[in-house]
Amino acid sequence: MRTVRRKSVPPHFSMCVQPAFIIGTNNEDSSSNFAPITWVSATNEGGDDYLLVVSMFGTKRTKQNVLRTGLLSANLVSRDMLELMDYLGTRHARDGKKDGLTYGVSRGAVLDVPVLDASRWVYECEVAQSVETGASTTFFCRIRNVQMDEGLACEDAFDVDLTRLDPVIYSGMYHSIGTLLGKIGDFS
Ligand SMILES: Cc1cc2nc3c(=O)[nH]c(=O)nc-3n(C[C@H](O)[C@H](O)[C@H](O)COP(=O)(O)O)c2cc1C
């Protein structure tokens, strides 16, 4: 394997490879709000279930709604949802309803959260714990339900072919993924 010649650069170059989700929340008047959040990861308390880790900066409506209700949906963004994500992420709910694009919204199957009809993979989540770091709040969320595209045939969480989900990956720019390379153990 080749040795990469690297150079040191200032920390503002820090970059994370981020999965793109649109977070659905309930407004105070019971209407729905959606905004992209890509600071999303996972952890495990023990047992088979995961906590979804979702981090939000500032005072955006999405964050206020999660702080107030303790509920959110995380709707995985596939490439065909890119225009919607870009639209929702460049408007603040405090400036008015984000109704410049038409998109289908349903209610969660288990939790009272708004979900996007276009998403192929949806988590319905309840906040278990939150941690403040300066202007950001990180929510550790119990996944109460997963909705997956009926066309996906997955045995378990390690058997999901991302090329079928076609997720958008964010780094400051939008990307898509290309190739299924194999499973753990295939290369050792
Ligand atoms: C691609 C993309 C990714 C984003 N990721 C995050 C994020 O991880 N955390 C965050 O606090 N804001 C993030 N934002 C910003 C919010 O989506 C943006 O502030 C949005 O307008 C908030 O909408 P709201 O007022 O409906 O809550 C992202 C925006 C875009 C376009």
Cβ pairs under 7 Å, 6+ apart, first in region 15-41 and more than 16 Å from D99 (Cα to Cα) and within 11 Å of the ligand (Cβ to nearest atom), second among the small types (G, A, S) and not in a strand (DSSP E or B): Q18/S171; T38/A20
Strands (runs of 3 or more DSSP E) completely within region 19-70 that count 3 or more residues being under 17 Å from R142 (Cα atoms): 21-26, 40-44, 50-57
Total residues in region 155-171, condition more than 18 Å from T90 (Cβ to Cβ) and either open to solvent by 60 Å² or more (accessible area, probe 1.4 Å) or part of a loop (DSSP other than H, G, I, E, B) (or both): 10
Members of region 87-122 found to be of a type in the set (F, W, Y) and more than 16 Å from the ligand (Cβ to nearest atom), listed by number: W121
Among (1) part of a loop (DSSP other than H, G, I, E, B); (2) within 16 Å of the ligand (Cβ to nearest atom), the one test that V127 misses: (1)
Any hit, region 172-181, residues being aromatic (F, W, Y), surrounded by fewer than 16 Cβ atoms within 10 Å (Cβ to Cβ) and either on the phi > 0 side of the Ramachandran plot or free of Cβ contacts under 8 Å to residues at least 40 places away in the same chain (or both): no
Residue in region 121-131 that is at pLDDT 95 or above, within 14 Å of V53 (Cα to Cα) and open to solvent by 80 Å² or more (accessible area, probe 1.4 Å) present: yes
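The values are calculated or read from the model by the stated rules, or taken from the named source; none is laboratory data. Just so it is clear, the structure is predicted and the values come from calculations on it, not from any experiment. Neighbour counts run over all protein chains shown; Cβ positions are idealised from the backbone, glycine included. Side chains included, ligands, DNA and RNA excluded: accessible areas come from the protein's heavy atoms. Shrake-Rupley method; radii C 1.70, N 1.55, O 1.52, S 1.80 Å.
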